[in-house]
1. Looking at Val549, Val616, Val580, which one is within 28 Å of Val430 (Cβ to Cβ), among the hydrophobic types (A, V, I, L, M, F, W, C) and at pLDDT 85 or above?
2. Can you tell me how many residues within the stretch 268-323 are hydrophobic (A, V, I, L, M, F, W, C), under 17 Å from Phe339 (Cβ atoms) and either open to solvent by 10 Å² or more (accessible area, probe 1.4 Å) or part of a helix (DSSP H, G or I) (or both)?
3. Please name all residue pairs, on different chains or six or more residues apart, with Cβ atoms under 8 Å, provided the first residue is in the stretch 86-100 and is in contact (Cβ under 8 Å) with a residue 24 or more places away in the chain and the second residue is among the hydrophobic types (A, V, I, L, M, F, W, C) and in a helix (DSSP H, G or I).
4. Determine if the stretch 561-575 includes at least one residue that is of a type in the set (Val, Ile, Thr) and in contact with a strand residue (DSSP E or B) (Cβ under 7 Å, 6 or more places away or on another chain).
5. Limited to the stretch 324-356, what total is found for residues that are closer than 25 Å to Glu246 by Cβ, open to solvent by 10 Å² or more (accessible area, probe 1.4 Å) and assigned to a strand (DSSP E or B)?
6. Exactly one of (1) without any contact (Cβ under 8 Å) to a residue 24 or more places away in the chain; (2) open to solvent by 70 Å² or more (accessible area, probe 1.4 Å) is unmet by Ser605. Its number?
Amino acid sequence: MKQNPGHYDAGNIQALEGLEAVRRRPGMYIGSTDAKGLHHLVWEVVDNSIDEHLAGYCTRIDLIIHPDNSITVKDDGRGIPTGMHPKLKKSALEVVMTVLHAGGKFDKDTYKVSGGLHGVGVSCVNALSEYLRAEVHREGKIFVQEYSRGKPLGAVKVVGQTRRTGTTITFKPDPEIFETLEYKYDTLANRLRELSFLNKGLHLSITDERQTTEEGSHRCDDFLSEGGIVEFVKYLDESRVKLIEEPIYVQGREEHVEVEVAMQYNTSYNEHVFSYVNNIPTKDGGTHVTGFRRALNRVFKQYGEENGFFSKLKFTISGEDFREGLTAIVSVKVPEPQFKGQTKGELGNSEVDGIVSRIVGERLKYWLEENPQEAKKIIDKVILAATARHAARKAREMVQRKNVLAGGGLPGKLADCASRDPSVSELFLVEGDSAGGTAKQGRNREFQAILPLRGKILNVEKALEHKIYENEEIKNIFTALGVTIEENEEGERVLNLDKLRYHKVIIMCDADVDGSHIVTLILTFFFRYMRPLVEQGHIYIATPPLYQVRRGKQFRYCWTDEERDEAIAFYSKGEHDNAVKVQRYKGLGEMNAEQLWETTMDPDSRILRQVTIEDVREADRIFSMLMGDEVPPRRAFIEANAKYANVDA
């Protein structure tokens, strides 16, 4: 008998057993099932090995990406216990691998501090892997157990003798769960580098068996930092001109909370503060960052006032001024961290604020007294920042007031769309007036707006903020988008997106070197001054085709050399045929309005690349290196990454 759809009784109540809940709702446990979630599996396993290091037992962690995109993480810690669990009457290894909220992190004696506190880490990885093998070296024996989608394929077996200790986990993510199964080497390597800086003396390595070098070996990297976060700050600042010789280092402990801070001032105009709790990056900050900023503001303000440095200023110094040109790592180890959400983006422990503020404040005060010359350089930089901020506010208000007085006057060059619904409206930022004209003819006027940009916009990485608001092209972008920059109660700049007029902002430039440079300049501007637009997924890059392959009235557009070769082979039937013509598009202007529409602007056939930020710290470093003042790091980057560039010796 079929149940009535409206029928609801005890039979409708489902109790998900074991790891079934993880497979049914993976996003609750690892954030998502896209590339981010896929890499999150690796972090869960690596975090367990890191916790062994924090407990004082692990000195080396090796990560291997196998040809089939399965992963092995091997450490030399104590090894997961394999004895019989007193309550559950099965091997402790099986309990750790198959039971949610099981692990050694809840017992304060086993791990004083750790990153994995929810006890869902490695069991989640097991549930979301089509195959997982756990190998434990412990008590002179090698123990092995294999699983498929969270279920053991057999009991824990002893397969040999050993003299070492440690755990080796090999897993292959489940294609039924994940949208993508390909691991990115750079994403994994960047995180291991970060962990090596945060855990000085720990040796980490990564090997990619999918890639072979010219010498015939696999691509690999080793990371070992003896200087810890001081080295980290130097690494982040290698593409910036430093203001003080050596980073300021702060270390302290209070109420079982360990605080470690390294900070360096440079000549740039941006703040670069990166924070960690028990080695986990807290991209949204939290109480540890609040405490650090409070100490910085308090100590520098007091020092400046006591020495009469601020007496001639006609306006007050804001907290933001003390952080311009600052690169800092704030790392805390907290026994029981309270994170907001499973992905651990923000620290919530209120007591950490005061602890960090006190420790940093005391050490900073001492440093300023000991280093008066370097302190004066920083104070001069602060005064310059305050003066520039004051000028920038005036320039910004001028831009924003003009818009109000002109009745929301949009830029004269903007060809707006008819729709007033931001969720369907698109703004194309087009390189050059001629391509802008073609785009205006080819667009769908209902929801597509065009703003032509003349030449290359200002490089905001090298410019003072008030100069940015005086730049015509940047003023036009602000006005067209309808966004404003305001100051909050702490005097910090925040982007107000309430009146954002387009939810898709598409950068459309020529497919040549100049076009790529203009895209980079625009992205630098968005990253530095409109980052929430990028974080909320509003920024896209259009992909115009590189070639048109034609034979008579038949033709195909091609975006890569491989597609071009395929099209030539298709039209010539594999033989030499003079009737097949190939046109290489050097710029948008070479296409007529109809071609531009069908290849680059038509939502049904175009290719758009959404701009996302996987790793804010690495993105920040790359922008500084590519667009900043220091040439040697940029040259090294080009030599390492350019396939075809001839770099003069």
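1. On the way: Val616 fails: within 28 Å of Val430 (Cβ to Cβ); Val580 fails: within 28 Å of Val430 (Cβ to Cβ).
When all the criteria are applied, what remains is Val549.
2. Residues that pass the stated criteria total 3.
3. Val96/Val122; Met97/Val122; Leu100/Ala21; Leu100/Val22; Leu100/Cys124
4. yes
5. Residues that pass the stated criteria total 1.
6. The failed condition is (2).
One line per residue, one yes/no per condition, for (1) among the hydroxyl-bearing types (Ser, Thr, Tyr); (2) open to solvent by 70 Å² or more (accessible area, probe 1.4 Å); (3) closer than 29 Å to Tyr185 by Cβ:
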| site | (1), (2), (3) |
| --- | --- |
| Val230 | no, no, yes |
| Tyr235 | yes, no, yes |
| Glu245 | no, yes, no |
| Gln251 | no, yes, no |
| Glu260 | no, no, yes |
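Here is a yes/no grid of residues against (1) part of a strand (DSSP E or B); (2) modelled with pLDDT under 75; (3) farther than 19 Å from Glu146 by Cα; (4) small (Gly, Ala, Ser):
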{"position": "Ile64", "(1), (2), (3), (4)": "yes, no, no, no"}
{"position": "Val73", "(1), (2), (3), (4)": "yes, no, no, no"}
{"position": "Val96", "(1), (2), (3), (4)": "no, no, no, no"}
{"position": "Leu100", "(1), (2), (3), (4)": "no, no, no, no"}
{"position": "Lys108", "(1), (2), (3), (4)": "no, yes, yes, no"}
{"position": "Gly116", "(1), (2), (3), (4)": "no, yes, yes, yes"}
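The values are calculated or read from the model by the stated rules, or taken from the named source; none is laboratory data. These numbers come from a predicted model, not from an experiment. Glycine gets a Cβ as well: all are built from the backbone with ideal geometry, and neighbour counts include every protein chain shown. For accessibility, only protein heavy atoms count, side chains too; no ligands or nucleic acids. Shrake-Rupley method; radii C 1.70, N 1.55, O 1.52, S 1.80 Å.
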